[in-house]
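Asker: Take this structure first; my questions come after.
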Amino acid sequence: MKISYNWLKTLINTELKPEEVSRLLTDCGLEVESMEAFESIKGGLKGVVVGEVMEREKHPDADRLSLTKVNVGGENLLSIVCGAPNVAAGQKVLVATVGCTLYPSEGDPIEIKKSKIRGAVSEGMICAEDEIGVGKSHAGIMVLPADTKVGMQAADYFKLENDVVFEIGLTPNRSDAASHLGVARDLAAVLKTIDANSVAETKVIGIRELPPATNLNTVEIKIENTDACKRYSGMVISGINVASSPDWLQNRLKAIGLRPINNVVDITNFVLHELGQPLHAFDLEKIKGNKVIVKTCAEGTKFKTLDEVERKLSANDLMICNESEPMCIAGVFGGIDSGVTESTKAVFLESAYFDSGYIRKTGKHHGLKTDASFRFERGTDPEMTITALKRAAALLLDICGGTVSMDV
């Protein structure tokens, strides 16, 4: 299990260094097997600085090249040969200086060397966004706002995040620690055993009272198998805008090895890893009859999951269904037809407490291991379902917009 040091510090008030956190966690039974540095952009843009193009003229021997003089804050201007069609005097640009290594969005790393290009000396490179890994466009160099400070490190300009990630060997009996909050609680307890006057306490920011529901879009919830599902909570957020997540959210997920997908899915993944409670978001339009029914289906029922694999269900597989068909393998894996897409305008958020035995058997039957099933198989906290739902709803309102259409 991966735990982000920066994320952990948002949940507990401590200034301990990563090495000390690692030692204390291992001492209390959460063995830290390794520590890795994380950079939100590989290489951390070391050696890339803001420069100003002071002069630009056409290369005498190459129609598509320009000779530039660039001020990067040093004693002398740098001579740089540039092939971008949009380079011009007066621009603020990003300059990769001699000696640094770039990690582009695609392809191999680029080592910057002093060189001669068609007979002209080049002491660096003026960069496009794909060349430094901050985007995919290669249409031209990046042109920064005119008031950007010359000599500023690119890492500071982009507010890159450096983190340390702990790999914790979580034992099966420690389901309570299968989240950043769980680890923070253990760390706080250890600090208080060392010093009874320790002020280290855990806190979860962002949980607040939500606006009153409009009740314009509601969903009827019915639990048919109460042995397998002992608690099921849901709410509806309407009028959302599905897009890429903000950088801070993407960085949190990337640090622990998750690939950002879109703001809605990323929020559910974020809350899972922060609080230990799996969530699932359904496109409201895909919930036929505006009914969610928690039940098992007939043996051999065919169901296509998010990975586009058609599976035959066991009669013991707990399913989240709408009025006429299954939508999700409860606590394990979502379905291909009910998930959130760019066109989604309203979502039904699920937060439930599923029986660990049912989830374990279903995961084994289908050969599926997911972050959600990992936690449900070990047992989640039934008292966390509402808290996690409110945390996710608050993030959805802040990041995706919209309104609460159905309260918890």
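The values are calculated or read from the model by the stated rules, or taken from the named source; none is laboratory data. Values in this document were obtained by computation on a predicted structure and should not be read as measured data. Because the Cβ atoms are built from the backbone with ideal geometry, glycine has one as well, and the counts that use them run over all protein chains shown.
Asker: Which condition breaks for residue 19 when tested against (1) in contact (Cβ under 8 Å) with a residue 60 or more places away in the chain; (2) within 26 Å of the chain's Cα centre (by Cα)?
Answerer: For residue 19, the exception is condition (1).
Asker: Do we find that residue 298 is in contact with an Asp or Glu (Cβ under 6 Å, 6 or more places away or on another chain) and either surrounded by fewer than 18 Cβ atoms within 10 Å (Cβ to Cβ) or of a type in the set (Phe, Trp, Tyr) (or both) in this structure? First the steps, then the outcome.
Answerer: Numbers: in contact with an Asp or Glu (Cβ under 6 Å, 6 or more places away or on another chain): no; either surrounded by fewer than 18 Cβ atoms within 10 Å (Cβ to Cβ) or of a type in the set (Phe, Trp, Tyr) (or both): yes.
Here the answer is no, as residue 298 does not meet what is asked.
Asker: Then there's this: Taking region 95-109 on its own, how many of its residues are at pLDDT 95 or above and either on the phi > 0 side of the Ramachandran plot or not in a loop (DSSP other than H, G, I, E, B) (or both)?
Answerer: 5
Asker: Could you please find all residues in region 314-341 being surrounded by fewer than 23 Cβ atoms within 10 Å (Cβ to Cβ) and either free of Cβ contacts under 8 Å to residues at least 12 places away in the same chain or under 12 Å from residue 361 (Cβ atoms) (or both)?
Answerer: Once the filter is applied, which keeps residues that are surrounded by fewer than 23 Cβ atoms within 10 Å (Cβ to Cβ) and either free of Cβ contacts under 8 Å to residues at least 12 places away in the same chain or under 12 Å from residue 361 (Cβ atoms) (or both), region 314-341 yields 314, 315, 316.
Asker: Going residue by residue through region 354-362, is there one that turns out to be free of Cβ contacts under 8 Å to residues at least 12 places away in the same chain and not acidic (Asp, Glu)?
Answerer: Scanning region 354-362, I find at least one residue that is free of Cβ contacts under 8 Å to residues at least 12 places away in the same chain and not acidic (Asp, Glu), so the answer is yes.
Asker: Could you please let me know if residue 70 is surrounded by 21 or more Cβ atoms within 10 Å (Cβ to Cβ) and farther than 30 Å from residue 126 by Cβ? Break it down into steps so the answer makes sense when it comes.
Answerer: Values: surrounded by 21 or more Cβ atoms within 10 Å (Cβ to Cβ): yes; farther than 30 Å from residue 126 by Cβ: no.
In short, no.
Asker: Do any helices (runs of 4 or more DSSP H) entirely within region 292-402 hold 1 or more residues that are closer than 23 Å to residue 249 by Cα, and if so, which?
Answerer: On the way: elements: 356-366, 371-378, 385-400.
Here the list reads 371-378, 385-400.
Asker: Within region 259-282, restricting attention to residues that are free of Cβ contacts under 8 Å to residues at least 60 places away in the same chain and not in a helix (DSSP H, G or I), which residue is nearest to residue 347 (Cα to Cα)?
Answerer: Residue satisfying both the conditions and the ranking: 261.
Asker: If you don't mind, there's one more thing I want to ask. Provide a single number: the residues in region 198-237 that are under 30 Å from residue 8 (Cα atoms), outside any strand (DSSP E or B), charged (D, E, K, R) and touching a residue at least 40 places away in the same chain (Cβ under 8 Å).
Answerer: Count: 3.
Asker: Just checking, how many residues over region 334-374 are more than 21 Å from the chain's Cα centre (by Cα) and within 16 Å of residue 228 (Cβ to Cβ)?
Answerer: The number of residues fulfilling the criteria is 15.
Residues checked against (1) in contact (Cβ under 8 Å) with a residue 40 or more places away in the chain; (2) under 22 Å from residue 73 (Cβ atoms); (3) surrounded by fewer than 19 Cβ atoms within 10 Å (Cβ to Cβ):
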site: 145; (1), (2), (3): yes, yes, yes
site: 155; (1), (2), (3): yes, yes, no
site: 158; (1), (2), (3): yes, yes, yes
site: 161; (1), (2), (3): yes, no, no
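Asker: Something else now. Does residue 151 fit the bill of being under 30 Å from residue 89 (Cα atoms) and touching a Pro at 6+ places or on another chain (Cβ under 9 Å)?
Answerer: no
Asker: A further question on this structure: Got at least one residue in region 98-112 being in the same structural domain as residue 50 (by TED's automatic domain parsing) and more than 20 Å from residue 47 (Cα to Cα)?
Answerer: Scanning region 98-112 turns up no residue that is in the same structural domain as residue 50 (by TED's automatic domain parsing) and more than 20 Å from residue 47 (Cα to Cα).
Asker: Still on this structure, please answer the following. Name every residue in region 195-228 that is among the β-branched types (Val, Ile, Thr), modelled with pLDDT under 90 and either over 22 Å from residue 387 (Cα atoms) or touching a Cys at 6+ places or on another chain (Cβ under 6 Å) (or both), in order of residue number.
Answerer: Listed by number, the list holds a single entry, 199.
Asker: Right, something else. Pick from region 243-258 the residues that are in a helix (DSSP H, G or I) and aliphatic (A, V, I, L, M): which of them is nearest to residue 165 (Cα to Cα)?
Answerer: First, pick out the residues of region 243-258 that are in a helix (DSSP H, G or I): 247-255.
Going one step further and asking which of them are aliphatic (A, V, I, L, M), we end up with 249, 253, 255.
On the way: 249: 16, 253: 11, 255: 7 Å.
This residue is 255.
Asker: What number of residues in region 1-57 are surrounded by 14 or more Cβ atoms within 10 Å (Cβ to Cβ), assigned to a strand (DSSP E or B) and hydroxyl-bearing (Ser, Thr, Tyr)?
Answerer: Residues flagged as surrounded by 14 or more Cβ atoms within 10 Å (Cβ to Cβ), assigned to a strand (DSSP E or B) and hydroxyl-bearing (Ser, Thr, Tyr) within region 1-57 amount to 1.
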